[in-house]
1. Among (1) in a helix (DSSP H, G or I); (2) among the aromatic types (F, W, Y); (3) closer than 29 Å to N284 by Cα, there is one condition Y64 misses while meeting the rest; what is its number?
2. For region 374-404, how many residues are at pLDDT below 95 and crowded, with 18+ Cβ neighbours inside 10 Å?
3. Can you pull out the residues in region 13-51 that are among the acidic types (D, E) and in a helix (DSSP H, G or I)?
4. For region 200-217, indicate whether the set of residues that are among the small types (G, A, S) and not in a helix (DSSP H, G or I) is non-empty.
5. Among the candidates I107, I50, I38, I78, which residue alone is farther than 25 Å from F130 by Cβ and at pLDDT 95 or above?
6. Surrounded by 24 or more Cβ atoms within 10 Å (Cβ to Cβ), closer than 20 Å to D264 by Cα, touching a residue at least 40 places away in the same chain (Cβ under 8 Å) and small (G, A, S) - does that describe any residue in region 340-348?
7. Select from region 80-95 the residues that are buried (at least 19 other Cβ atoms within 10 Å of the Cβ) and part of a helix (DSSP H, G or I) and list them in ascending order.
8. Scan region 96-103 and tell me whether some residue there is part of a helix (DSSP H, G or I), closer than 30 Å to D415 by Cα and under 16 Å from the mean Cα position of the chain (by Cα).
Amino acid sequence: MVLKFHNMKYAPLMVFQLVLLVLYFLFAKYGGDKDVGIRGFEDTHVMIFIGFGFLMTFLKKYCYSALGFNWLLAALVIQWALLCQAFYHMKDNTIYITKKSLLEADIMSATVLITFGALLGIASGVQLLFIAIVEVAVASLNFWLAEDIFKVSDVGGSMVIHAFGAYFGLGVSLALKAKPNTADANTNNVPTVDLNGPSYISDVTAMIGSIFLWIYWPSFNSALTSSDEEYQRAVINTYLSLAAATVTTFVLSSAVSKHHGRFDMVHVQNSTLAGGVAVGAICNMHISPGGAIAIGIGAGLLSVLGYRFLTPKLASIGILDTCGVNNLHGMPGLYSGLLSVLFAALATKEKYGETDLFNIFEAMEGGRTAANQALYQFIALAVTLVLSLVSGYITGLLTKLPIFDSLKDTEKYDDEINWELP
């Protein structure tokens, strides 16, 4: 019976795929030529399937799972996110699919893949699929609250994508936190080899993901801008912030690594990207090129110090964060959200021009003041943080039910559980 269960453990996924098939036949139609000229879809697609996938191949014996589950989760989430996001904007019970909605679904899949990074190697495939389905529904609700209710500016998704995905993942990790083992340390529950670490080759393949993400991040942040001027500003600010974060990462990594004077590959793979997250919520605003560089420096400092000092502290209390998403996506996302509060408060018609100001801060066209816009930016950030942590924790508790095939300690970080190996 156990063997039969394992052979069919992914059967519910096919059932869900068939449910999606029916829903698309009932509700989805092509959107005509609307949004056909949207920028960034192809570049974002590369980030999702190559960037995120290869970035997570750093574990010495989990590369098949990093790439395979990344592909599977993204393919599932894109279909589900199209429906969940469009639910709030349906017209006559019809969902019109355009290139923009495909882009937004791709971006939503980044939320789930960030969560996947926190749980890499510690959650089973069945758990990951359940987590993804629940997270997309909750994240789409949060996205609707931020965009339609609070009407905040977060064009690069630093709050609603990066921070949400990171803290949803940490909420799940907290729920999955193992109870102290009072049994003999030599029992079969203790793995004989620690697989939670890289090899020389796996670190090199992870760098492929980092470099792809670094190259395409300006496209990700600027994709949903609404004018050429705003688009160009977002690209410039993102590029400069990434460059400054990269230089800062190398310098600080050498200063604080365990062997002083050497670079730590964990920092180079991840903290170099923190500038893209930190500038995301404000990349389309008038922050100045110098401001973009300053933000990138701050992101590099925050991320490297997080990896060096905070991640080990969390692990010591049982909260696992395999990829350190708190340092790449979580804290830089909060940092970006707080910066959006500041720059919203400083926004004026004189500085932006009326058209540009109303493109970025839609509610200001209806009479909202800069101070009120700043307040709503803060409220959206707080709601994102609370909703992600609470919903993640509840989802994590649900995944501990026996039907979700939790991993034993000896099965964690090991491809052999899921793959036929050569």
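1. Going through the list (1) in a helix (DSSP H, G or I); (2) among the aromatic types (F, W, Y); (3) closer than 29 Å to N284 by Cα, Y64 breaks only (3).
2. Selection size over region 374-404: 1.
3. Passing the criteria: E42, D43.
4. For region 200-217, residues among the small types (G, A, S) and not in a helix (DSSP H, G or I): absent.
5. Working: I107 fails: farther than 25 Å from F130 by Cβ; I38 fails: at pLDDT 95 or above; I78 fails: farther than 25 Å from F130 by Cβ.
None of the others qualify; the one that does is I50.
6. Within region 340-348, the subset surrounded by 24 or more Cβ atoms within 10 Å (Cβ to Cβ) is 340, 344.
Checking which are closer than 20 Å to D264 by Cα leaves us with none.
No.
7. Passing the criteria: W80, A81, L82, L83, C84, Q85, A86.
8. Keep residues of region 96-103 that are part of a helix (DSSP H, G or I), which gives 99-103.
With closer than 30 Å to D415 by Cα added as a condition, the list becomes none.
Checked against the condition, which is being part of a helix (DSSP H, G or I), closer than 30 Å to D415 by Cα and under 16 Å from the mean Cα position of the chain (by Cα), region 96-103 yields no hits at all.
The values are calculated or read from the model by the stated rules, or taken from the named source; none is laboratory data. All values derive from a computational prediction rather than experimental measurement. Glycine also receives a Cβ, built like all others from the backbone with ideal geometry; neighbour counts cover every protein chain displayed.
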